């Protein structure tokens with residue numbers, strides 16, 4: 001099937017191994033650094049040393065930015081986006097795949113177009129609109145609005161709904177089922193993997209987003225973790241006892257949910273990226 | 001994975017047996033309720049993409065400033081004044097030069113590294129899932145978190161300089177005006193590579209195995225068949241990778257803001273989005289910020305067209 005040249009010197013395997021080291025080492029180092037009493041930038045510091053291990057950095061960062069509250073804010077922000085995408089995105093994806101209506105081609109074209117518009121460039125007008133005109137600064141709604149429906153997820157939903165056999169839908173229509181009923185009772189149960197993929201793809205957007213929540217949340221008790229951690233990094237860190245340790249502790253807490261979710265569901269992630277890659 | 005790809009290719013979209021056709025269904029389509037289903041999404045696109053885009057262009061041609069909500073003020077049309085201000089500002093020009101430096105390093109490196117790693121990964125090899133996952137981890141982790149560890153690695157007395165010893169650059173990576181931008185470019189390459197590897201992996205499934213066999217029959221070595229079969233075979237994916245890498249580069253904000261402390265040293269790593277934020281929001285000139293944004297979009301479009309010609313040149 002695929003050309004394999006395993007008999008010779010394993011260049012392929014070695015290349016991959018070096019690659020994996022380069023990709024994973026910073027994460028390992030993040031974890032080690034977050035557990036060190038004293039930051040140790042020597043090569044020895046890359047290995048765990050029982051005398052130099054502590055959980056103190058996590059306490060320190062929690063005192064400075066209230067990890068619980070920050071995580072909750074990240075969760076609400078991300079949850080709101082996922083909810084919007086799962087409700088309105090699924091509806092749009094289903095209509096684009098399965099319903100004949102005027103303007104379908106236009107909507108499909110827009111969905112693809114939106115994916116190449118650099119979002120950061122809309123920052124200024126969105127800021128003026130949401131913060132200045134609608135007064136939604138320091139609110140969850142303002143945070144969620146620009147991300148409310150993830151277009152990549154809409155695309156993925158459409159691809160999955162397209163794969164269902166047409167007979168199912170014809171039969172439902174003959175039975176007089178409404179489209180909403182057909183979607184809820186027939187189509188959605190058959191595309192459960194797509195829903196999981198949609199959640200995963202949508203999750204990393206708001207969870208990792210920095211610029212937008214940074215712009216619109218000035219109150220610390222509303223800031224998602226990415227924002228409060230970066231504020232800690234740029235302002236407080238210089239005054240802390242072990243600034244690197246505390247920053248890395250916060251970094252572990254921020255990175256862990258996304259990385260864990262991805263490892264747990266890596267099959268869904270990879271196949272979805274592959275499919276949108278081939279067809280997008 | 002290749003199995004999954006073949007089983008999930010979709011049937012022709014929307015093809016359906018001809019049903020009863022009234023006048024209404026020819027005008028509105030067979031299931032006009034579809035319009036209702038996409039309405040929330042359309043409203044979202046209009047409010048979050050179309051309107052802000054038009055609004056940005058409007059602001060860039062007017063003397064626009066922040067006011068209290070509901071206040072009615074005169075915002076005169078000023079023609080290209082904002083653009084003249086922007087283009088004669090050395091900080092803005094420097095940021096566009098910086099993004100050019102970024103792209104010159106990031107785009108070729110991304111294409112080469114992701115294609116090579118995807119090619120290496122596209123075989124029956126031990127630990128394949130482990131490799132695939134490990135390449136994707138930086139892509140799914142928050143940049144704010146990963147920047148923290150890069151600061152630790154690349155600072156004056158960080159691990160990288162310790163390992164390099166006398167070879168360590170002076171001043172160090174992130175505070176050196178000729179190394180700050182290249183370091184950011186390498187960081188972003190590393191961070192995004194996993195995503196592009198997956199794109200190439202998918203594209204490699206479409207390269208016909210017969211071509212490899214024909215090449216090896218002709219006595220082509222491994223490098224030759226890579227160059228003559230793989231590289232042309234994935235050219236459409238390369239076009240996509242180059243385009244997406246360019247868009248990512250144009251969007252650069254978090255990295256110069258955090259990694260080099262706000263585009264330092266002395267603006268040597270400031271990106272256009274960072275300058276747009278500083279001028280538009282920090283200093284309260286949304287009209288200037290919008291002009292930078294519009295120029296950046298035009299720049300990206302122009303670049304995308306040039307790259308498209310360049311990358312797919314041998315197709316014509």
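Read the figures in this text as sums done on the coordinates, not as results from a lab. Quantities reported herein were computed from a predicted structural model and do not represent experimental measurements. In this analysis, Cβ positions are derived from the backbone assuming ideal geometry, glycine residues included, and neighbour counts consider all displayed protein chains.
Here are a few things to note about the model shown:
- Förster radius 56 Å - calculated FRET efficiency between residue B:84 and residue A:174 (Cβ-Cβ, nearest 0.05): 0.25
- Two-site label geometry, residue B:74 and residue B:130: point separation in nm, points 7 Å out along Cα→Cβ: 7.3 nm
- Computed from the Cβ-Cβ distance with R0 of 45 Å, the FRET efficiency linking residue A:113 to residue A:234 stands at 0.80.
- Highest-MSF residue in chain B out of B:251, B:170, B:82 [GNM, Cα springs under 10 Å]: B:170
- Nitroxide proxy distance, nm - points 7 Å out along Cα→Cβ at residue B:167 and residue B:51: 5.6 nm
- Counting Cβ atoms of other protein chains within 10 Å of each residue's Cβ and taking the mean over peptide B:162-169 gives 1.
- Shape category assigned to the stretch B:106-172 from the gyration tensor of Cα positions, a/c cut at 1.5: prolate
- Within 10 Å of each Cβ in A:81-93, the average number of Cβ atoms from other chains: 3
- Nearest-0.05 FRET efficiency for residue B:231 and residue A:44, computed from C-beta distance (R0 51 Å): 0.75
- Cα long-axis angle, helix A:243-264 against chain A (0 to 90 degrees, to the nearest 10): 30 degrees
- Helix axis angle, A:192-208 relative to chain A longest principal axis, alpha carbon, degrees: 40 degrees
- Taking chain B as a Gaussian network of alpha-carbon nodes connected by springs under 10 Å, the highest mean-square fluctuation of the residues B:98, B:206, B:176 belongs to B:206.
- GNM top mover of B:235, B:128, B:94 - chain B, alpha-carbon springs below 10 Å: B:128
- Using alpha-carbon coordinates, inclination of helix A:56-65 to the longest axis of chain A, degrees: 60 degrees
- Backbone N under 19 Å from the residue A:87 label point (7 Å along Cα→Cβ), restricted to the stretch A:131-145: A:139-145
- Per-residue mean of foreign Cβ neighbours for B:255-261 is 2 (Cβ atoms of other chains, 10 Å radius).
- Once both labels are positioned 7 Å from their Cα atoms along Cα-to-Cβ, the gap between residue B:206 and residue B:25 label points is 3.5 nm.
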